[in-house]
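To start, the structure under review is shown below, and the notes come after it.
The values are calculated or read from the model by the stated rules, or taken from the named source; none is laboratory data. Just so we're clear, the structure is a prediction, and the values are computed from it rather than from any experiment. Neighbour counts run over all protein chains shown; Cβ positions are idealised from the backbone, glycine included. In case anyone asks, the SASA skips ligands and DNA or RNA and just uses the protein heavy atoms, side chains included. Shrake-Rupley method; radii C 1.70, N 1.55, O 1.52, S 1.80 Å.
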Amino acid sequence: MAALFASMALEGALDNISSLLPANSTSQAVAATNHGLNGLDDLQILERTMRRIHSMLLEAEKHWNTREKSAKLRLEELKELAYDAEEVVEEYEYEVNRRKVEAFERLAAVQAGKIRKRKLMMAGLIASLAIRKALDKLSSFLTASASSLNSGNAREEQDLEDLRMLERTMRRIHATLHDAEQHWNITEASTKLRLEELKDLAYDAEEVVDQYELNRHKVEAFKLFASSGSHKRKYQQENEGFLCESSLVTISDEMAIKTKKLIERFDEIKHYSDNFTLSENDGERWLTHIGTIDTSSAVFEQSIVGREKDKDKIVEKLVSIRCDSVASPVSVMAIVGMRGLGKTTLAQLVYNHPKVGKYFDVCAWVCVSDQFDVSSITRSIVVSVTKEKCDLLELCNLQEILVEEIKQKKVLLVLDDLWNERKDFWDLLCMPMNTTKLCMIVVTTWSEKVAKLVQTMPLYNLNCLSYDESWSLFKQVAFIDGQENTPSNAVEMGRAIVKKCNGLPLVIRKLGSMLRYETNEQTWREVLESDLWVCSNKE
């Protein structure tokens, strides 16, 4: 302790206690109680106390030349307290590890954390790859087990059949997820839900496979330990349920129930898919989503409220980038925010700014919306750049035309309402942009996942309007100068309505437009007391 900065030593202890606290709270609470602590509550208080001591010691070591005796004494006392806290953490960590070793008999302890971490792995990997790994494990278990099955043992035969059924279910899920990831850009809500349910089912199936693998390791550990002389009888008695002559490990009743429930859930999802999916027999499909309106770059700036600072910030970022200061000619900025917040409006203000028009040689605006078809979007870019109709269908021809128009030029491209979550589609769309001198792409999206997929610059998170800005916009839309017969308390009710709009410009405009020529006080009151303002609107 004396040879190191106290804060560094304490930091190591802090990392230990932080990593130990979240996992397996029940058993750790018991361990903590055995050391004189009141369960996890006291440990959490200790952690917070250690963080405070650490921050003060770190501050003293880095930024202060302490001369006051009282301050020196206080720091010395904190160092001593930090040392004692370190000892408590070390004792606690030892107890936790000892209990783990006892519970999993050394060899199985290696596998103990896998089930808890599985869902985090699923979030970071393509789902089909994750389930493929579990499927390979299960297949190898079944191959080994089938060759050594004791014929006539009804329990082993049933266990094997349950595992085979689970394997077949996992193969079907894997095939569906793999196809979806490789060949489909899913936009249908019902299909997205079905795939999410299949992913959840895949995760739970992985847990069962991991639990089975863990039990196999425990059996191997018990057999290994049982073969070591004096411990043989004891371990055979304690683990009689696990040990068997064949390589098929007995499935516990709990695991058997989980397996059957997984298969039932798969059948339930299949039933949902068969009976709750619309087809051509049910009617005619809309070519575009109801309520979806293509946007353009045109904007009436005088009617926009509260976006001046946002516009200036983005414009300065765009025109400050120099061609020779970036590794790639393509830079992407994403404007992110909930529906109705004004992302499209902000992009229009930026697009039409004089500095932007002067800085870039070519500007193009494309409304992407739901369908991310690379050929269609490329054609729209070509039309926006050339201002001429384009009937070409093949992507290679479209990209050749686009390259001719933008090669070695400074280009601004706005892609409004981007939903695509396929990185390969995005990379294909951007290929011609690499021939430019500089290409700034501004995308608007409500999905942070989409934004992170395409961004090369920090996201621009758009905030709601302030109350004053919201009221100014509402007055502009709802009230007309010189209008007669306006309800006497229209201003009071209008202010109350604006508060409920939560700073969303689209909602403010819609409600203001509804009340623009309304002279009936009751109608104003109905709007105020209704739930119209919480409806989700697509920008």
_The lone exception for Val326 - which of (1) at pLDDT 75 or above; (2) in contact with a Leu (Cβ under 8 Å, 6 or more places away or on another chain) it fails_ = (1)
*Select, from Ile314, Ile335, the only residue that is at pLDDT 80 or above, over 22 Å from Lys387 (Cα atoms), open to solvent by less than 40 Å² (accessible area, probe 1.4 Å) and not in a strand (DSSP E or B).*
Ile314
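Going by what's in this entry, would Leu418 be described as touching a residue at least 12 places away in the same chain (Cβ under 8 Å) and over 28 Å from the mean Cα position of the chain (by Cα)? Quick ask: steps written out before the conclusion?
Values: touching a residue at least 12 places away in the same chain (Cβ under 8 Å): yes; over 28 Å from the mean Cα position of the chain (by Cα): no.
So Leu418 fails the test.
Sort through Ala154, Ala112 and tell me the only one that's at pLDDT below 80 and either in contact with a strand residue (DSSP E or B) (Cβ under 9 Å, 6 or more places away or on another chain) or loosely packed, with under 14 Cβ neighbours inside 10 Å (or both). Even if it seems obvious, please write down each step before you answer.
Values: Ala112 fails: either in contact with a strand residue (DSSP E or B) (Cβ under 9 Å, 6 or more places away or on another chain) or loosely packed, with under 14 Cβ neighbours inside 10 Å (or both).
Of the residues listed, the single one that is at pLDDT below 80 and either in contact with a strand residue (DSSP E or B) (Cβ under 9 Å, 6 or more places away or on another chain) or loosely packed, with under 14 Cβ neighbours inside 10 Å (or both) is Ala154.
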*Mind checking which pairs have a first residue in the stretch 303-322 that is touching a residue at least 24 places away in the same chain (Cβ under 8 Å) and a second that is open to solvent by 30 Å² or more (accessible area, probe 1.4 Å) and of a type in the set (D, E, K, R), Cβ under 7 Å, 6 or more apart or different chains?*
Val305/Glu469; Gly306/Glu469; Val315/Lys355; Val319/Lys355
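Here is a check on your reading of the model: is Thr435 outside the structural domain of Leu506 (by the TED database), surrounded by 15 or more Cβ atoms within 10 Å (Cβ to Cβ), more than 31 Å from the chain's Cα centre (by Cα) and not charged (D, E, K, R)? Don't jump to the end; show me each part of the working.
Working: outside the structural domain of Leu506 (by the TED database): yes; surrounded by 15 or more Cβ atoms within 10 Å (Cβ to Cβ): yes; more than 31 Å from the chain's Cα centre (by Cα): yes; not charged (D, E, K, R): yes.
Against the criterion (outside the structural domain of Leu506 (by the TED database), surrounded by 15 or more Cβ atoms within 10 Å (Cβ to Cβ), more than 31 Å from the chain's Cα centre (by Cα) and not charged (D, E, K, R)), Thr435 qualifies.
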*Within the stretch 514-524, can you find the residues that are under 30 Å from Gly337 (Cα atoms) and out of contact with any helix residue (DSSP H, G or I) (no Cβ under 6 Å at 6 or more places or on another chain)?*
Met514
*Just a yes or no: is a residue in the stretch 411-423 of a type in the set (Lys, Arg) and out of contact with any helix residue (DSSP H, G or I) (no Cβ under 9 Å at 6 or more places or on another chain)?*
no
*Identify all residues within the stretch 438-474 that are open to solvent by less than 50 Å² (accessible area, probe 1.4 Å) and part of a strand (DSSP E or B); write none if there are none.*
Leu438, Cys439, Met440, Ile441, Val442, Val443, Thr444, Thr445, Tyr460
_I'm told Lys72 meets every condition in (1) without any contact (Cβ under 8 Å) to a residue 40 or more places away in the chain; (2) closer than 15 Å to Asn16 by Cβ except one. Can you identify the failing condition by its number?_
(2)
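In this structure, is Val403 farther than 18 Å from Ala334 by Cα, β-branched (Val, Ile, Thr) and loosely packed, with under 15 Cβ neighbours inside 10 Å? Even if it seems obvious, please write down each step before you answer.
Details: farther than 18 Å from Ala334 by Cα: yes; β-branched (Val, Ile, Thr): yes; loosely packed, with under 15 Cβ neighbours inside 10 Å: no.
Spelling it out, it is not the case that Val403 is farther than 18 Å from Ala334 by Cα, β-branched (Val, Ile, Thr) and loosely packed, with under 15 Cβ neighbours inside 10 Å.
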